[in-house]
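Data first, discussion second: the structure below is written as structure tokens.
The values are calculated or read from the model by the stated rules, or taken from the named source; none is laboratory data. Since this is a predicted model, take the numbers as computed values, not measurements. Here the Cβ positions follow ideal geometry from the backbone for every residue, glycine too, while neighbour counts run over all protein chains shown. Just the protein is used for accessible areas: all its heavy atoms, side chains included, with ligands, DNA and RNA removed. Shrake-Rupley method; radii C 1.70, N 1.55, O 1.52, S 1.80 Å.
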Amino acid sequence: MNYRITTIPGDGIGPDIVREGCRALDAIGKKFGHSFAYTETLAGGSALDATGEPLPQATLDACLASDAVLLGAVGGPKWDTLPGAKRPEKALLGLRAGMKVYANLRPALMFPQLSAACPLKAEIVAKGLDILIVRELTGGIYFGDRGRNAAGDAAWDTEAYSVAEIARVVKIGFESAMKRQKRLCVVDKANILETSRLWREVTEGMKGQYPAVELSYMYVDNAAMQLVRNPGQFDVIVTSNMFGDILSDEASQITGSIGMLASASLGDSGPGLYEPIHGSAPDIAGKDLANPLATILTCAMLLRYSLGLPKEADAVEAAVASVLDAGWRTGDIAGGASDRAALGGKLVGTRKMGDLVVRQIEAM
Ligand code: IPM
Ligand code: MG
């Protein structure tokens, strides 16, 4: 089958890593008899430079007309002083809202091959680390009313959620838990926030449909602490846009695998939006230094969730695991100076790492 993928390489290392993601997809296509037609579009700083807009309408149209969207990264110091509406980040929010991708799946996974890079004590992660954060992505304070008073000496941002917005993302939380260890934790601030109390009410109304799921609630401050104290207690976390933003950064950092983590943003129908969780790393852009594995693993999520190709997704993940097992590393996952020295020729750049995955897929 032929699939239409819109790519948004974006800024910084985005083009370096999206190129390798597409190569991995093409290798999968060859192996399994699919083809991928790519439409490359602009968003973020590169779009600002070329068109004056962070998210040109043509980009959103191309995204909506495709089967899935693969995004590298947006933003960089060059555009950091621009006002809110003209910042590259605006492209991300516009894509999320425009594509109606309300559920952001952010797996925080520790790769056993890289466990030495985990900043937590070994005994805390003895059983590994595998958490799925489901972050609400198109509501809450990110999209609520905001402004300043006439004098400019006061400002507000509003957290607002409707029952429908809560129910659809909590449902993804329950369903994700059913496919995993069947534990769902709703993270909120229900001791203070009315929106959080509504999240709890809606969840209570739904839990009867998922009797197999062990449901819990946790305040976000406690959750931030528990993530470093005993992360193994979590299976799936579902939470609001802002809390999910913060906790997913924390969760990714404790895996020690920040250059390895993928994400998927999904709506009810229509294409999903896929991006590695790391940023645009402008300092190493175009230098063949970026780790393409997060993007390649993001392509696995794309195959699984948007194209309904689980075997193909498994193959990508297995290929990445084999390459790691064989000891190949990019700089970000190579450890300290002495580990690097010991790696010798197995310390590789973006293209070589991409090649290794492609060759592994071909050899399967
Ligand atoms: C993320 C990022 C974005 C967010 C920024 C860049 C707008 O932090 O995807 O987590 O806050 O959602
Ligand atoms: Mg963030």
Exercise for the section: Kindly list the number of the only condition in (1) under 16 Å from the mean Cα position of the chain (by Cα); (2) within 21 Å of Glu201 (Cα to Cα) that fails for Glu175. Expected result: (1)
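Which is of a type in the set (A, V, I, L, M, F, W, C) and more than 30 Å from Gln226 (Cα to Cα), of Ala122, Ala117, Ala154?
Just one listed residue meets the conditions, Ala154.
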Practice task
Please verify whether region 247-267 includes one or more residues that are within 17 Å of Leu215 (Cα to Cα) and within 15 Å of ligand 1 (Cβ to nearest atom).
Solution key: no
Practice task
Within region 36-57, identify whether any single residue is among the aromatic types (Phe, Trp, Tyr) and free of Cβ contacts under 8 Å to residues at least 60 places away in the same chain, and answer yes or no.
Solution key: yes
Handout entry: Unmet requirement for Gly270, which otherwise passes all of (1) closer than 21 Å to Val101 by Cα; (2) in the same structural domain as Asp157 (by TED's automatic domain parsing); (3) more than 13 Å from the chain's Cα centre (by Cα)
Key = (2)
Fill in the blank from the handout: Cβ pairs under 7 Å, 6+ apart or interchain, first in region 1-27 and outside the structural domain of Ala285 (by TED's automatic domain parsing), second buried (at least 21 other Cβ atoms within 10 Å of the Cβ) and assigned to a helix (DSSP H, G or I), ordered by first then second residue, are none
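If you check Ala334, Ala264, which single one turns out to be touching a helix residue (DSSP H, G or I) at 6+ places or on another chain (Cβ under 6 Å) and either loosely packed, with under 15 Cβ neighbours inside 10 Å or touching a residue at least 40 places away in the same chain (Cβ under 8 Å) (or both)?
One residue alone meets the criteria, Ala264.
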Exercise for the section: Taking the options Glu250, Glu214, name whichever one is over 22 Å from Pro112 (Cβ atoms) and open to solvent by 10 Å² or more (accessible area, probe 1.4 Å). Expected result: Glu214
Problem - region 63-79 - residue that is over 13 Å from Gly270 (Cβ atoms) and more than 11 Å from ligand 1 (Cβ to nearest atom) and, of those, most open to solvent (accessible area, probe 1.4 Å) - result: Lys78
Problem - In region 278-294, the residues that are under 11 Å from the mean Cα position of the chain (by Cα) and modelled with pLDDT of 95 or more - result: Ala294
Fill in the blank from the handout: How many residues of region 255-284 are part of a helix (DSSP H, G or I), more than 16 Å from ligand 2 (Cβ to nearest atom) and farther than 21 Å from Ser46 by Cβ? The answer is 1
Problem - Qualifying residue in region 226-244 (condition: in contact with a Pro (Cβ under 8 Å, 6 or more places away or on another chain), open to solvent by less than 60 Å² (accessible area, probe 1.4 Å), within 16 Å of ligand 2 (Cβ to nearest atom) and closer than 24 Å to Thr138 by Cα) - result: no
Exercise for the section: Hand me the list of helices (runs of 4 or more DSSP H) wholly inside region 285-363 holding 2 or more residues that are farther than 22 Å from Tyr3 by Cβ. Expected result: 310-325, 337-343, 350-363
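When you look at Lys86, is it within 15 Å of ligand 1 (Cβ to nearest atom) and over 22 Å from the mean Cα position of the chain (by Cα), yes or no?
On the way: within 15 Å of ligand 1 (Cβ to nearest atom): yes; over 22 Å from the mean Cα position of the chain (by Cα): yes.
So Lys86 fits the description; yes.
Only one of Ala224, Ala212 is in a loop (DSSP other than H, G, I, E, B) and not assigned by TED's automatic domain parsing to the domain that holds Gly331; which? So that I can check it myself, show each step before the final result.
Details: Ala224 fails: in a loop (DSSP other than H, G, I, E, B).
Every option except Ala212 fails the conditions.
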Practice task
Identify the single condition in (1) in contact with an Asp or Glu (Cβ under 8 Å, 6 or more places away or on another chain); (2) farther than 18 Å from Gly279 by Cβ; (3) open to solvent by less than 10 Å² (accessible area, probe 1.4 Å) that Arg4 does not satisfy, given that it satisfies every other one.
Solution key: (3)
Completion exercise
If we keep only residues of region 194-247 that are under 30 Å from Leu120 (Cα atoms) and either modelled with pLDDT under 95 or β-branched (Val, Ile, Thr) (or both), then the residue nearest to the chain's Cα centre (by Cα) is Ile246
Practice task
Being under 12 Å from Asp188 (Cα atoms) and either free of Cβ contacts under 8 Å to residues at least 60 places away in the same chain or within 10 Å of ligand 1 (Cβ to nearest atom) (or both) is the filter here, so list the residues in region 233-242 that pass it.
Solution key: Asn241, Met242
Problem - Boolean, Ala177 is part of a helix (DSSP H, G or I), outside the structural domain of Gly52 (by TED's automatic domain parsing) and closer than 22 Å to Thr195 by Cα - result: no
